[in-house]
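Every number in this text was worked out from the coordinates using simple rules, so none of it is lab data. None of the values given here were measured: they were computed from a predicted structure. No Cβ is skipped: glycine too gets one built from the backbone with ideal geometry, and neighbour counts run over all protein chains shown.
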Amino acid sequence: MNILFRGGRVFTPQGVLAEAVLVSGGVIAAVGPEAELARQAHETVDLDGGLLTPGFTDAHAHPVQAGLERAKCDLSEDFGLDAYVAKIADYAAKNRDKEWVDGGGWDMSAFPDGLPHRDQLGFLDRPAYLIQRDHHAAWVNARALERAGITADTPDPADGRIERDAAGVPTGVLHEGAMDLVGLLTPRPTAQDLQDALLEAQTYLFSLGITGWQDAIVGSYAGSEDQLPTYVAAARSGRLQARVVGALWWDRTRGLDQIGDLLERRASAGGLARFKATSVKIMQDGITENFTAATLEPYCRCGGTGLSYVDPDKLKEYVAELDSHGFQVHFHAIGERAVREALNSFEGTNPANRHHIAHLQIIEPTDVPRFAALGVTANLQPLWATHHAQMDELTLPFLGEPRSSWQYPFADLLAHGTRFCAGSDWPVSNADPLQGMHVAVNRTEPGSSVHAGYPTAQTPFLPGQRIDLATAMTAYTAGSAWINRSPAGAIEPGRPADLVVLDRDPFELAPGDIWTTRVRMTFVDGVPVYERP
């Protein structure tokens with residue numbers, strides 16, 4: 001069956017140039033003028049003036065976790081204490097049989113100093129564990145603290161912090177590794193729960209045109225379950241249709257002794273068409289808002305320079321060993337010190353392993369050229385590069401200048417020849433690639449964002465770091481597919497027909513309207529996996 005996509009424009013590696021695409025047997029057969037290709041078509045898909053793009057690949061997401069959270073007390077579509085309390089109370093009333101009230105998605109900027117309090121959950125008749133939107137903290141009530149035995153005498157774990165009042169009493173917020181003190185006590189999802197969560201997430205991502213992703217934590221972290229068996233089972237059964245790479249979790253409490261385990265885990269996924277476990281995720285620091293991002297100079301007002309979760313003196317040895325075994329290394333690095341530590345660890349490694357650093361909130365300017373020089377890809381999460389409450393009220397005051405001006409330097413990285421891929425960190429933030437592209441181009445909040453009405457949301461954030469739409473779209477397509485070694489990612493003959501039909505051509509819109517673009521249809525191997533009602 002030959003399918004002709006016509007009636008709009010096509011985003012190719014050379015830009016928005018072609019007018020038609022012919023697909024045969026699930027593979028792109030030809031790209032060119034409609035008149036030349038129409039004679040070979042058996043079926044036609046009318047683009048109706050929209051744009052045909054390659055399937056998007058999210059280079060940093062947590063779909064299984066997102067699927068689980070969507071089935072729990074999901075606060076991600078709400079904002080503010082009153083809205084959260086109403087949603088939590090409603091969930092608790094509808095789920096009286098559940099021993100815990102658990103879920104997440106709350107925003108730090110909804111609370112003074114970014115900190116909710118245990119007493120705000122005092123109306124609940126059972127323990128509560130609610131993960132912060134960024135997954136770097138949890139909000140718990142007094143019942144949960146009691147269940148975990150956390151008191152004023154409980155020491156902070158080495159990789160986390162228990163928020164306390166002036167008397168040392170825990171207030172109900174657990175940062176980073178301290179989350180496990182309660183999180184590991186919550187009910188564990190079953191294998192079926194995990195499988196259902198993955199398939200729910202896949203369906204949702206298809207609706208956004210995402211046909212592949214890199215799961216940025218495949219292992220056990222902050223109370224989460226190991227998702228490797230979930231992916232392997234879904235791939236073997238054929239239910240996993242997307243092209244996925246799992247980034248195996250680097251246990252920061254261990255050293256080189258875990259290399260053998262990682263090799264076994266990679267081998268257990270060998271031979272699967274839709275899933276590979278060929279990457280290793282190292283989380284080198286936390287986030288700026290709770291002062292756990294690793295910085296070179298102390299934070300303003302509070303002092304301290306954050307946390308390096310893996311000893312920088314050992315990190316280079318660990319990365320070299322992973323590199324020697326052909327693993328790709330996928331770093332989480334937010335603060336400028338963490339970025340530098342990650343770059344230092346890549347010196348002497350093989351660029352063919354396609355190493356990348358995600359988030360990159362702060363990069364000290366002398367480190368910007370090192371990405372291209374070392375062959376390291378910048379994994380962008382563009383949605384965060386705006387003025388919003390968390391940025392203006394919880395980040396800028398504690399970073400100070402000049403560090404505040406070093407944030408998300410996309411244009412500077414591009415000017416030095418850095419390769420880009422892009423992702424969302426979903427469910428930390430919106431998974432829609434088109435919303436991310438809007439921010440990359442405009443450095444303002446999309447109109448659909450819950451933060452769109454914030455007073456400075458439409459003031460460009462460091463506008464000199466904007467990039468053009470073609471560069472942003474390439475990052476979400478060819479760039480992220482390259483990171484995953486996916487055969488998809490571009491519309492050219494011989495590639496799999498992983499394609500997305502957009503309802504309009506964002507290249508013909510005013511830049512401020514890019515966010516209004518929606519996905520009409522998504523195809524994997526030429527087969528429709530989503531069509532908007």
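Could you derive backbone 3J(HN,Hα) for the stretch 402-416 from the dihedral phi with the Karplus parameters 6.51, -1.76 and 1.60 (θ = phi - 60°), listing whole Hz in sequence and x where the residue is Gly or Pro? After applying 6.51 cos²θ - 1.76 cosθ + 1.60, I find x, 4, 4, 7, 9, 7, 6, x, 4, 5, 5, 4, 4, 4, 8 Hz. Packing-based ranking of 416-425, 370-379 yields 416-425, 370-379, ordered from highest to lowest mean Cβ neighbour count within 10 Å.
Each Lys and Arg adds +1 at its Cβ and each Asp and Glu adds -1 at its Cβ; summed about the Cα centre, the stretch 253-366 shows a dipole of about 480 debye.
For the chain, place one equal point scatterer on every Cα, skip the solvent, and apply the Debye formula. What is log10 of I(q)/I(0) at q = 0.08, 0.10, 0.12 Å⁻¹? Results for the chain at q = 0.08, 0.10, 0.12 Å⁻¹ read -0.50, -0.79, -1.16. Measuring from centroid to centroid over Cα atoms, what is the spacing of the stretch 176-234 and the stretch 50-93 in Å? When both Cα centres are located, 13 Å separates them. Once the chain from Asp313 to Ser268 is taken as fully extended at 0.36 nm per residue, the excess over their C-alpha distance is 13.1 nm.
For the chain, lysine pairs separated by 8 or more sequence positions, or belonging to different chains, with Cα-Cα distances below 23 Å total 6. Histogrammed with a bin width of 10 Å, the alpha carbon distances of the stretch 372-448 distribute as 17, 45, 34, 4 percent, first bin at zero. Couplings 3J(HN,Hα) of the stretch 520-533, computed from phi: 8, 8, 10, 10, 10, 6, x, 9, x, 10, 7, 9, 5, x Hz, in residue order, whole Hz [Karplus 6.51 cos²θ - 1.76 cosθ + 1.60, θ = phi - 60°; x for Gly and Pro]. In degrees from 0 to 90, rounded to the nearest 10, what is the angle of the helix 191-207 Cα long axis to the longest principal axis of the chain? Taking Cα atoms only, the helix is inclined about 50 degrees. Contact order for the chain, expressed relative to its length and based on alpha carbon pairs under 8 Å spaced 6+ residues apart, stands at 18 percent.
Rounded to the nearest 10 degrees, what's the angle between the helix 259-268 long axis and the longest principal axis of the chain, both from Cα atoms, 0 to 90? Taking the Cα atoms of the chain, the angle to 259-268 is about 40 degrees.
3J(HN,Hα) along the stretch 376-388, derived from phi through the Karplus expression 6.51 cos²θ - 1.76 cosθ + 1.60 where θ = phi - 60°, amounts to 9, 7, 8, 9, 8, 10, x, 4, 7, 8, 9, 7, 8 Hz, with x in place of Gly and Pro.
In this simple spin-label model, placing a label point 7 Å from the Cα along the Cα-to-Cβ direction at both Phe507 and Ala352 gives a separation of 3.4 nm. Taking 7 Å steps out from each Cα toward its Cβ at Val85 and Arg236 produces label points 5.0 nm apart.
Across the stretch 407-443, the residues whose backbone nitrogen lies under 16 Å from the label position 7 Å along the beta-carbon direction of Arg518 are 432-435. With R₀ set to 56 Å, the beta-carbon distance separating Asp46 from His325 gives a calculated FRET efficiency near 0.70.
If R0 equals 45 Å, the separation of the Cβ atoms of Cys300 and Ser448 corresponds to a calculated FRET efficiency of about 0.85. A Förster radius of 41 Å combined with the Cβ-Cβ distance from Ala93 to Asp113 puts the calculated FRET efficiency at roughly 0.85.
Once you reduce the stretch 302-373 and the stretch 3-22 to the center of their Cα atoms, the two points are 38 Å from each other. Of the GluC sites (Glu not before Pro) found in the stretch 1-101, the ones in coil according to DSSP and having at most 15 other Cβ atoms within 10 Å of their Cβ are Glu77, Glu99. Here the chain is treated with +1 on each Lys and Arg Cβ and -1 on each Asp and Glu Cβ, and its dipole about the Cα centre works out to around 980 debye.
Pairs of Cα atoms in the stretch 99-183 fall into 5 Å distance bins, from 0 up to the last occupied one, in shares of 3, 16, 30, 28, 18, 5, 0 percent.
Annotation: extensible slack from Asn344 through His416 equals 24.1 nm (criterion: 0.36 nm per residue apart, minus Cα-Cα distance). In degrees between 0 and 90, to the nearest 10, how far off the longest principal axis of the chain does helix 312-324 point, with axes built from Cα atoms? On a 0 to 90 degree scale, this one is about 30.
Taking amide H positions as modeled 1.01 Å from N, with prolines and chain starts lacking one, the residues under 5 Å from Tyr129 and 5 or more places away or on another chain are Val101, Asp102, Gly103. The charge dipole of the stretch 99-183, taken about its Cα centre with unit charges on the Cβ atoms of Lys, Arg (+1), Asp and Glu (-1) only, comes to about 160 debye.
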